[in-house]
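First up is the structure itself, then whatever we jot down about it.
The values are calculated or read from the model by the stated rules, or taken from the named source; none is laboratory data. Values in this document were obtained by computation on a predicted structure and should not be read as measured data. Here the Cβ is made from the backbone with ideal geometry for all residues, glycine too, and neighbour counts use every protein chain on show.
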Amino acid sequence: MELKTEGRRILGINGIGRIGKLTLWNNLHQKYYDGIVINAGRELGKSLEDAIAYLTTDSTYGTLDHFLYGYTGQSCEARVIDRAEARIELCGLPVKLLTSARNPRDIGWAQTGVRLVIDCTGAFLDPTRPAGHIKGSLRGHLEAGAEKVILSAPFKTADVGHPLPEDCATFVYGINHAGYDPLRHNIISAASCTATGLAHMVKPLADTRETADIITASMTTVHAATNNQAILDAPPGTGSKDLRRNRAVFNNLIPTVTGEAIVLEEIIPGIKRVGFMADSICVPASTVSLISLNLTFRTVFDADGTPVITRDFINDIYRKAAAGPQKGLLIYSERQNVSADLVGCRAAVVIEGRENHTRTGFLSLGAGAELNIPVTHAKIFGWYDNEFGCYVNCMGKLAKYIDKNLI
């Protein structure tokens, strides 16, 4: 069975870790692509059957059968098609495995019909690196024949002050993805799971006149474990600044730094004037995280002397967003949720309406001043399934949008 045929959509996935495998699963569900090429960069186990076993099971989301079909009794047939060419078939979708190249420029996407690549390795974050960089580069994918590259992480340049190249941009589906220009953008960051959920929490407020005037903003994400944490205590790497990242992930609550405030400013530029602060607490959970968003607004009182920005006002903003412009991406809930309830939930964020609250006070302009400015502080909670439901789902929508706009 040939994977490459004229007019077919073939998606390339570089890296087959957590996000890479779930990207494959998402496309098995969406059925948009005609074939998938996965570059694992090495052999998976001892045989293609070992690769199939890895690709069809998951300790967080269950078997591929249950993931796709629940308890209907349907099954996803997985079989080897061509052992010599490392071709398999999953649920009728042809998948080719590449195992020899780890440097993107050596993968040879052109020979497999791939035009769009999603890089899920986490190894190539700097879009300023040239294609021939000794450690590999996102630009290597372009040299290998791909036309567009999506990075499943925020950009991170070696020179922090260095501006991004003109052909690079960060997009979150449902927030700023319409800014994608196929004539200009070749390397696209899909931001991060937290930035995706956070952006969908902030956008309805930024788009509402009464809440657009944000004075202060901060957020804490209570974040599930990730594969770059230690299972047991481990020695820090050379030059490591965050010693807590090497402590046992399932024995501790671990405060850590996060760059989500910077990423948010790229996605919603108007937030730059606020001076957004962000931090993270890693917790012993396999997936589903929770954002606690804190905002202070200038507010006014209505004719009855009630602050305009109240808990009900905030919740109503999210109800309207969930039914309108962010439908399917933002969900408003008044259930008493716990994290397990949101595993696999395909939304950028689920607003926990029952827990949102506000408090209005006055800012006095100096001692003895007669002018007091009313300000309202709001605390807003949002769940997100940081692996599949939020991030991979939204990145998949972004990839589809970019694919449809290939020239």
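Checked against (1) part of a helix (DSSP H, G or I); (2) within 19 Å of Asn176 (Cβ to Cβ); (3) touching a residue at least 60 places away in the same chain (Cβ under 8 Å), Glu265 passes all but condition (3). Scanning the stretch 272-289 for residues that are under 21 Å from Ala190 (Cβ atoms) and either at pLDDT 95 or above or in contact with a strand residue (DSSP E or B) (Cβ under 7 Å, 6 or more places away or on another chain) (or both) yields Phe276, Ala278, Ser280, Thr287, Val288, Ser289. Given the conditions (1) closer than 28 Å to Arg359 by Cα; (2) part of a loop (DSSP other than H, G, I, E, B); (3) touching a strand residue (DSSP E or B) at 6+ places or on another chain (Cβ under 6 Å), and given that Gly305 satisfies all but one, which numbered condition is not satisfied? Single failed check for Gly305: (3). Where helices (runs of 4 or more DSSP H) fall entirely within the stretch 1-101, those with at least 3 residues that are over 20 Å from the mean Cα position of the chain (by Cα) and crowded, with 19+ Cβ neighbours inside 10 Å are at 48-55. In the stretch 128-135, the condition of being modelled with pLDDT under 95 and touching a strand residue (DSSP E or B) at 6+ places or on another chain (Cβ under 8 Å) is met by no residue. Taking Gly353, is it modelled with pLDDT of 95 or more and closer than 25 Å to Arg298 by Cα? Spelling it out, Gly353 is indeed modelled with pLDDT of 95 or more and closer than 25 Å to Arg298 by Cα. Selection of first residues in the stretch 42-58 that are closer than 20 Å to Ala101 by Cβ and of second residues that are at pLDDT 95 or above and among the small types (Gly, Ala, Ser), restricted to Cβ pairs under 6 Å at least 6 apart or on distinct chains, gives the following pairs, ordered by first then second residue: Leu44/Ala51.
Considering (1) at pLDDT below 90; (2) farther than 26 Å from Asp213 by Cβ; (3) surrounded by 12 or more Cβ atoms within 10 Å (Cβ to Cβ); (4) touching a helix residue (DSSP H, G or I) at 6+ places or on another chain (Cβ under 9 Å), the lone condition that Pro255 does not fulfil carries the number (1). Exactly one residue out of Ala234, Ala225 is assigned to a loop (DSSP other than H, G, I, E, B), surrounded by fewer than 22 Cβ atoms within 10 Å (Cβ to Cβ) and touching a helix residue (DSSP H, G or I) at 6+ places or on another chain (Cβ under 6 Å), and it is Ala234. What's the number of the condition Asp106 fails, among (1) modelled with pLDDT under 95; (2) surrounded by fewer than 16 Cβ atoms within 10 Å (Cβ to Cβ)? Condition not satisfied by Asp106: (1). I'm checking my understanding of the structure. Among residues of the stretch 372-396 that are of a type in the set (Val, Ile, Thr) and assigned to a strand (DSSP E or B), which one is farthest from the chain's Cα centre (by Cα)? The residue in question is Ile373.
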